[in-house]
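Reading through the structure tokens given below for one structure.
Just so it is clear, none of the values below were taken in a lab; they were calculated from the coordinates. As the structure is a computational prediction, the values presented were derived from the model and not from experiment. Using ideal geometry, Cβ is built from the backbone for each residue, glycine included, and neighbour counts are taken over all protein chains shown.
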Amino acid sequence: MSKIEVKTFGETLRKLREDNSMPLRKLAALLDLDQSTLSKIERNERKANSELIEKLSSIFDVDKKTLQISFMSDKVAYELLEEENPKDILKVVEQKISYLKLSKKPTNV
């Protein structure tokens, strides 16, 4: 099993930007964001939105899946952070996802 580097979406975003020697102001302009908003996202003081994934994938030529996993895992982690049994909850969620995928009935469009 390959080891996954555990970082927040903000940390992933900052590393991408720094690895590409891109100033914060330039990336903010490309993303059509205020520079202070982008800075807060990188510092995990503000949550990103899913619309950034497509743009970042294109700007940095990285796999959308990698960014989506980082983004969605943040959402789940922050949601479960204060819960008593996060691991048990995640196990049940995994089972429910499988169940829901199997029980989805095709819709006639």
Cβ-Cβ distance below 8 Å, separation of 6 or more or different chains: which pairs start in segment 21-34 with a residue that is over 12 Å from Phe60 (Cα atoms) and free of Cβ contacts under 8 Å to residues at least 24 places away in the same chain and end on one that is acidic (Asp, Glu) and assigned to a helix (DSSP H, G or I)? Leu24/Glu42
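Has segment 2-9 got any residue that is at negative phi, within 13 Å of the chain's Cα centre (by Cα), assigned to a helix (DSSP H, G or I) and basic (Lys, Arg)?
To start, the set of residues in segment 2-9 that are at negative phi comprises 2-9.
Narrowing further to those that are within 13 Å of the chain's Cα centre (by Cα): 6-9.
Going one step further and asking which of them are assigned to a helix (DSSP H, G or I), we end up with 9.
Now restrict to residues that are basic (Lys, Arg): none.
Within segment 2-9 (the criterion being at negative phi, within 13 Å of the chain's Cα centre (by Cα), assigned to a helix (DSSP H, G or I) and basic (Lys, Arg)), the answer is no, since none of the residues qualifies.
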